[in-house]
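Have a look at the structure below, then the notes.
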Amino acid sequence: MLRTLLSPRVMGLHLLTIGVLIAFILLGRWQLGVFQDSGKPQAAADPGPVTVATLAPVGAQMSGEAVGRRVAAEGVYEPDRQLLVADRRADVDAPGGKASQDDGYWVLTPLRLDDGTLMPVVRGWVATSDDPAVSAVPQGRVAVAGRLRPQQGTDSVQRRSEGLPAGQVQTVSTGELINLWTGQKVRTGYVVAQPPSGSLTQIKVAPPEVGGTLTWRNLAYAANWWIFAGFAVFMWFHFVRDAVRADRDRAKSPQMALEG
């Protein structure tokens, strides 16, 4: 049997089967990767800026299509209502709360629009709460450009057990801001200023994204390639078995051996 398995014709079959298996397995993994990537969020169209009031309503939820959109707003900052969002990194997608404790602060300042409503604006990021850039709020009428983000739930981060000092919050929650800015009409969500205000550090914020659509066809292709690999092993087994049987039959029959 060993002589048959190591014979040139069967060795060629071994090598061919190994090559086919490697190719089919890699093709299946490639199709599986295409399937997995299809479900990831994809960059959406990024149109020009629009007036923030058209996308950030008062007393209603923001639509999913508005998230990440470029917006423009004009009004007057109200420094007396300014807050610091504690335990934040200079990236809106980075985790907040205890996961980023003492990593820095977002500077959140309300912008009073011409219609009297307040639009929360994250003007930038600072490493410490006593940074002079925090109090350097632009005076008079300003024009703000940036990207719109949805409000954050008050339970979206793990809070500090010891609480926060006055003038600091853990999230940018519209409901919480309404309670803090008493008697004001507050628009939902917040704007991440681009560029940041003064010497504040720019906060990274991504453009709009749309959810990916899983391409189940590619998953089926992956399964097909792996089935083909299994079939190749099945065929290899039968060819080798037949070769071993044939050599055994020749060994038992001198006449067949001579003919071979």
What does the charge dipole of the range 1-150 about its Cα centre add up to, to the nearest 20 debye, if the Cβ of each Lys and Arg holds +1 and the Cβ of each Asp and Glu holds -1? 980
With angles folded into 0 to 90 degrees, how steeply does helix 216-252 sit against the dominant principal axis of the chain? Use alpha carbons for both and round to 10. 20
Suppose only helical runs count, i.e. DSSP H with n ≥ 4. What mean residue ellipticity at 222 nm does that imply for the chain under -39500 (n - 2.57) per run, divided by all residues and rounded to the nearest 500 deg cm²/dmol? -11000 deg cm²/dmol
P(r) tail for the range 1-128, what percent of Cα pairs lie past 20 Å? 69
Dipole magnitude (debye, nearest 20) for the chain, charges at Cβ of Lys, Arg, Asp, Glu: 1140
On Cα atoms only, tilt of 8-38 relative to the major axis of the chain in degrees: 20
Report, please, the projected area of the chain averaged over directions, based on the convex hull of its C-alpha atoms, in nm². 22.1
What's the extension gain from Ala136 to Arg245 if we count 0.36 nm per residue and subtract their Cα-Cα distance? 30.2 nm
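No value in this document is a laboratory result; all are computed from the given coordinates. Computed from a predicted structure; not experimentally measured. Positions of Cβ are generated from backbone atoms using ideal geometry, with glycine treated the same way; all protein chains shown enter the neighbour counts.
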